[in-house]
1. Which count do you get for residues in the range B:30-64 that are of a type in the set (K, R) and at pLDDT below 95?
2. Among the listed residues B:A48, B:A18, which satisfies the condition of being surrounded by fewer than 24 Cβ atoms within 10 Å (Cβ to Cβ) and away from chain A (no Cβ under 14 Å)?
3. Given the residues A:T382, A:T453, which is the only one that is more than 28 Å from A:S324 (Cβ to Cβ) and among the hydroxyl-bearing types (S, T, Y)?
4. Among the residues of the range A:281-291, is any under 14 Å from A:A338 (Cβ atoms) and in contact with a strand residue (DSSP E or B) (Cβ under 8 Å, 6 or more places away or on another chain)?
5. Scanning the range A:103-138 for residues that are among the β-branched types (V, I, T) and under 21 Å from the mean Cα position of the chain (by Cα), which turns out farthest from A:E75 (Cα to Cα)?
6. Taking the range B:67-83 only, how many residues are more than 8 Å from chain A (Cβ to nearest Cβ), surrounded by fewer than 24 Cβ atoms within 10 Å (Cβ to Cβ) and in a helix (DSSP H, G or I)?
7. What is the residue count in the range B:204-260 for residues that are over 20 Å from the mean Cα position of the chain (by Cα) and within 14 Å of another protein chain (Cβ to nearest Cβ)?
8. Kindly evaluate B:A306 against the criterion of being of a type in the set (G, A, S), closer than 26 Å to B:I84 by Cα, surrounded by 19 or more Cβ atoms within 10 Å (Cβ to Cβ) and under 17 Å from the mean Cα position of the chain (by Cα).
Amino acid sequence: MRSPTPPRGKPWDVLVVGGGNAALCAAITAAEAGCSVLILEGAPKPYRGGNSRHTRNFRCMHRGPMSVLTDAYEEEEYFNDLLLVTKGKTDEKLARLVIGTSEECLPWMIAHGVHFQPSLSGTLSLSRTNAFFLGGGKSLVNAYYNTAQDLGVAVVYEAQVKHIHLDGDRFTHADVSIEGGPVEQIAANSVVLASGGFQSDIEWLTRAWGPAAANFLIRGTPYNRGVVLKDMIDQGCESVGDPTQCHCVAIDGRAPKYDGGICTRLDCVPFSVVVNKNGDRFYDEGEDTWPKRYAIWGRLVAAQPEQVGFSIIDSKSIDLFMPSVFPPTQADTMEELAEKLGLDPAKVARTVAEFNNACRPGNFHPTERDGMATEGLEPPKTNWARPIDRPPFYGYQLRPGVTFTYLGLKVDETARVEGPDGRLANVWAAGEIMAGSILGQGYLAGFGMTIGTVFGRIAGREAAAHVA
Amino acid sequence: MSLDQLDAKPLGPAMAEAHRQLEICNACRYCEGFCSVFPAMMRQKTFAEGDLNHMANLCHNCRGCYYSCQYTPPHEFELNLPAILAEVRQESWESYIRPHALSKAFHEHGFAMALAAAIFIGILFWVASTAGADPSAGFYAHLAHNLMVAIFAPAFLAPLAIIALGLRDYWRDTGGRWPSIADLKSAFGSVAKMKNLSGGHGEGCNFEREDRYTNARRYAHQAVLWGFLLCFLSTSSATLMHYFMNWPAPYGLLTPPKLFGLSGGVLLTLGAIEMIRLKLKADPELSAKRVWRGEFAFTALLGLTALSGLLLYIATGTAAVRPLLAFHLGCVLTLFLMMPYTKMVHGFFRLSALIIEAQKSGGK
């Protein structure tokens, strides 16, 4: 098919590249300001919404109980949480803008069809800071598409944007192939780039990470290949962030290569010993509670031979964490388990025995740091160290799962993209494509959706103001 | 997790597929707030047959989970929870209600039901035209009261007994206990508001407009349910008046049988028409496809029963009464006799599931 024709025979007011949360927030905001808007979504309709379809919550500042959020979560605490995970690698001005604006976003989201539900069971620790979408991110995406459609926004699926044409500091048109058809030019008065990071371009990941990246699993959409990001950088736009930085967690090694989403996560690590391919332990499994540590384990496993780890527990721990999507490997002896996992049985049995001998009695408490630490073991396990000795034994293969990459376009507080010679005149960016400005490293649960919503709305507003 | 699978008896294909899908759901849990199925799922890591039957009968086919799901086809996980739970639910009715062959025949084949209805209508025509019409008997001129009772009392009670036997086994296999007042209050409250078709947020379900929420099916179902209950109340009040107040039919407009019957008949007729309209718009892939025709025929029969009852009232004193009466009573007889073997049976299992869920969740 060819692209739809804009109303009144004029070019589109606002072209939105991408079809996830940030893109939709921008499109809705611009349409509500009276603009004609066209969304070019790269994925086919069933996969629309980019990584947003896999998300589940929105981290939100609030001064008192609001909607499903309990208590208060104020700007300073929010900002400090961000500083902690990014180790200071953030742009304070933009970060505070996102945090401060998040509070007014929640009612906006509700008004535009998003439904929230109280914190999901197993994530009660987030009930104060994160508002959960009823039905998850795909349900949010559906709500926004319906709202956009009601506002007259046009949407084209399977629209691959190949090139953003700049004439000096001005965007003129995009080169687009729809449903694999010939490249056509779509002109607009302004453009919002919200087409995500590059994490599903494995080749690009490999260039940044080295060959190890070929073994990474991509948790999100296979459609975020960073074509537009690369095109903009190639045209001299300023980038921010480190191409090796990404949201990378340890997930079930049997997960699909792409799009496994939330259910491939494994929460067993704190109750386990984790060994690498050689049967050696390599990091303190009990450093902190899992919500605070899951995001470092992707990189830890990525640094091991063949980018694989094996988390081993016994029957005492099997009910202490959320169910896994695939059943664990199970055996009655440690040697048999190791063999089933493809590891050296004698070596694994020795590693586990050494660990067991280093465990000390204590009061085990699964949901908070209990101080049950090993003695004289390197590396130590500093919490939840209980001997793994009660069969049956269970094992899970761990692999690095990339959620999204941080390398992005540099924007200012109006979401305007920084070109080779200062700000571009009519190009804005929102969502993962610019999140690197705020997330230099590390991750804060639900913050990606906050960045996308805040900057999506800013980009939509600014793009509309430019047209007016 | 299938930790106990080796010990348990193997699940049938539909059960096994439901088990596969629910394991994935249980590792995601985004849909927690839509309905009662997900809190029930989250109580355990592994699912036995009784658990699967319980969840399947809790599911109201609102489809909220399907349209919100990251893992529906073409995703390789191929989740379609509404369809697989519909199939397990259907199989549960067919296996708990005896004889199984009748269940299968009438659930699946709308034609079988139409044929049954035609036969019963025919019988009543024949009875009405031969069994001594007595012009002095007022309303019962076409069909004597005692004869009606002789036909309908067993036709009503025998199916109920069959259902009760099936429910007893269902109750046992899904771990239900003797219900407390609180359990009943919770379950009936849920039915009265059709809470499980509210979407959890009150905007309804994703039945006929894909990923948009509407309350159409929730309201249509309530019209059918309340309409049916009002019609039942109409008959019951007439029975009481007949036997205990020595007040035989016909009844005037401002009497309980007429007031209940008229309002119930209108609600049931309109509700059934709307249910059929919605069914025609909804995606059959999200339901138990093999019983689509049977369900359609059942809903049509409900609507025709109500409509013929209303027409019968309008036709009072005309020559149309006798054929309309035979038609109406034939429909009623089919509804009653087929109760264990048609969609009608869902009400009994659904209510049981809601009561048992109230017990299992501790009223949460």
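The values are calculated or read from the model by the stated rules, or taken from the named source; none is laboratory data. The model shown is predicted, which means the values in this text are computed figures rather than measured ones. A quick note on method: Cβ atoms are made from the backbone with ideal geometry, for glycine too, and the neighbour counts reach across all protein chains shown.
1. Final tally of qualifying residues: 2.
2. The match here is B:A48.
3. A:T453
4. Taking the range A:281-291 as the starting set, the residues that turn out to be under 14 Å from A:A338 (Cβ atoms) are A:281.
Applying the additional criterion that residues be in contact with a strand residue (DSSP E or B) (Cβ under 8 Å, 6 or more places away or on another chain) yields A:281.
Yes, that holds for at least one residue.
5. Within the range A:103-138, the subset among the β-branched types (V, I, T) is A:110, A:114, A:123, A:129.
Within this subset, residues satisfying the condition of being under 21 Å from the mean Cα position of the chain (by Cα) are A:114, A:123, A:129.
Values: A:V114: 24, A:T123: 22, A:T129: 11 Å.
So the residue we want is A:V114.
6. Within the range B:67-83, residues that are more than 8 Å from chain A (Cβ to nearest Cβ), surrounded by fewer than 24 Cβ atoms within 10 Å (Cβ to Cβ) and in a helix (DSSP H, G or I) number 1.
7. Residues meeting the conditions: 6.
8. Taking the combined requirement at face value, the residue does not satisfy it.
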